[in-house]
Amino acid sequence: MDKKYVANTYSRTDVEFVRGQGSKLYDSDENEYIDLGAGIAVNTLGHNYKEWVYAVNGQLATLAHTSNLYYTAPQAVLAKTLCERTAMEKVFFSNSGAEANECAIKCARKYSCDKYGAGRDRIVVLKNSFHGRTMATISATAQDGFHQHFMPFLDGFDVAYLNDIASVKQAITDKTCAIMLEFIQGEGGINVATEAFITAVKELCEAQDILLIADEVQTGIGRTGNLYAFMHYGIVPDIVTSAKGLGNGLPIGATLFGKKTANTLTYGTHGSTFGGNVAICKGAKVVLDTLDEDFLLAVDKKSKKIIDTLSECSGVKSITGKGLMLGIACDDAKDKVQTLLSKGVVVLTAKDKIRLLPSLNITEQELDTALKVLKEVLL
Ligand SMILES: *Cc1c(COP(=O)(O)O)cnc(C)c1O
């Protein structure tokens, strides 16, 4: 049925998940799996997390949707919480990571246009980035594989290289309005930005009033052991985009604006029918409230356990990433993903690595079970 009626844009794995509990998934034959993918970094609190289900269900039964032409408390409360936890000042809500990035791109161009007039509109992006699937965000995605079939792509993106500050300087011109980057490239292969690189990028941005856009769609919401990855680097971006883990399984995107950009978007310049849905916002508030200091410390502890355990495997060439966003370099990663699945462990890939993005509240026991299987397969 799926092959016949659903557009064939996904190369699906031959399994149908029907139920989840914590970090356990069950397929249509009642086989049990440990989920180390959490969707793709989406189910921050695992499957069927009680308080989240309660918050979402309660709101659905009260009021499921109103237009953004009216006030709703859950949206305002979530925006306030996001701002207080990040030192950002305002939030625009959408439905996905790509939309959050679209909003960031629009905001950066308008900020520059308002201040300097038209023409200063180019954005520097990094090789192997991934920013989404809409026309603007695939144009911003600096991977050749994405730049096919759909010509013409959006003009206005210049490519530099991660951890190569000279290439960033070279890409910047007097027409540059922003630099957009991931602190850890997710789809690009779990490539981590160095502190020296980010510090230098931030300095370049400050000196020339170029906005720093942090795409934290994958790295955000506790994934790296801080609420947002920028917090590891001692800098604050001008715009932060968030999605995946914020909704814990329901669609939400958030574009967070700092001091410079808080009032750039004005009445009528941007909008969304579904963005900031009340029930999803109620659930997202539970996610943020659960991610307190102790919770985030536990993320680091679990990360260390995974790294310590898997570093000993002879089949592991390197482990990159931070917190519970880890890339494992090994031979034949794609085959190993299938083997792991057949042994009851769900993992992802990123380029030629195995990628682990478990729910942040995975239990020690669930993790131990999964690590035992990973050790067997990576030996
Ligand atoms: C997943 C992802 C996106 C796109 O998010 P969608 O919700 O699929 O639109 C953008 N940027 C990064 C870094 C991502 O990981």
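The values are calculated or read from the model by the stated rules, or taken from the named source; none is laboratory data. Remember, it's a predicted structure, so these values are computed and weren't measured experimentally. Heads up, the Cβs are rebuilt from the backbone with ideal geometry, glycines too, and the neighbour counts pull from every protein chain shown.
Residues of segment 299-315 that are surrounded by fewer than 19 Cβ atoms within 10 Å (Cβ to Cβ), touching a residue at least 60 places away in the same chain (Cβ under 8 Å) and touching a Leu at 6+ places or on another chain (Cβ under 8 Å): Lys305, Thr309, Cys313, Ser314, Gly315. State which residue is surrounded by the most Cβ atoms within 10 Å (Cβ to Cβ) when the search covers only segment 120-155 and only residues that are over 23 Å from Ile172 (Cβ atoms) and among the aliphatic types (A, V, I, L, M). Only one residue tops the list, namely Met135. For segment 222-243, a tally of residues being within 12 Å of the ligand (Cβ to nearest atom), of a type in the set (A, V, I, L, M, F, W, C) and not in a helix (DSSP H, G or I) returns 2.
Per-residue answers, yes or no, for (1) within 12 Å of the ligand (Cβ to nearest atom); (2) hydrophobic (A, V, I, L, M, F, W, C); (3) under 26 Å from Lys110 (Cα atoms); (4) at pLDDT 95 or above:
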residue	(1), (2), (3), (4)
Lys175	no, no, yes, yes
Ile179	no, yes, yes, yes
Gly188	yes, no, no, yes
Lys202	no, no, yes, yes
Ala207	no, yes, yes, yes
Leu211	no, yes, yes, yes
Ala214	yes, yes, yes, yes
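Does segment 130-142 hold any residues that are within 12 Å of the ligand (Cβ to nearest atom) and of a type outside the set (Phe, Trp, Tyr), and which are they? Result: His131, Gly132, Arg133, Thr134, Ala136, Thr137, Ile138, Ala140, Thr141.
Every residue, every condition in (1) among the hydrophobic types (A, V, I, L, M, F, W, C); (2) in contact (Cβ under 8 Å) with a residue 40 or more places away in the chain; (3) within 16 Å of the ligand (Cβ to nearest atom), yes or no:
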{"residue": "Ala41", "(1), (2), (3)": "yes, yes, yes"}
{"residue": "Tyr49", "(1), (2), (3)": "no, yes, no"}
{"residue": "Gln75", "(1), (2), (3)": "no, yes, no"}
{"residue": "Ile105", "(1), (2), (3)": "yes, yes, yes"}
{"residue": "Asn128", "(1), (2), (3)": "no, yes, yes"}
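The set of residues from segment 346-379 being among the β-branched types (Val, Ile, Thr), out of contact with any Asp or Glu (no Cβ under 6 Å at 6 or more places or on another chain) and not in a helix (DSSP H, G or I) comprises Val347, Thr349, Ile354, Ile362, Thr363.
So for segment 244-261 (the condition being more than 16 Å from the ligand (Cβ to nearest atom), of a type in the set (A, V, I, L, M), touching a residue at least 12 places away in the same chain (Cβ under 8 Å) and surrounded by fewer than 23 Cβ atoms within 10 Å (Cβ to Cβ)), does at least one residue qualify? The answer is no; no qualifying residue exists.
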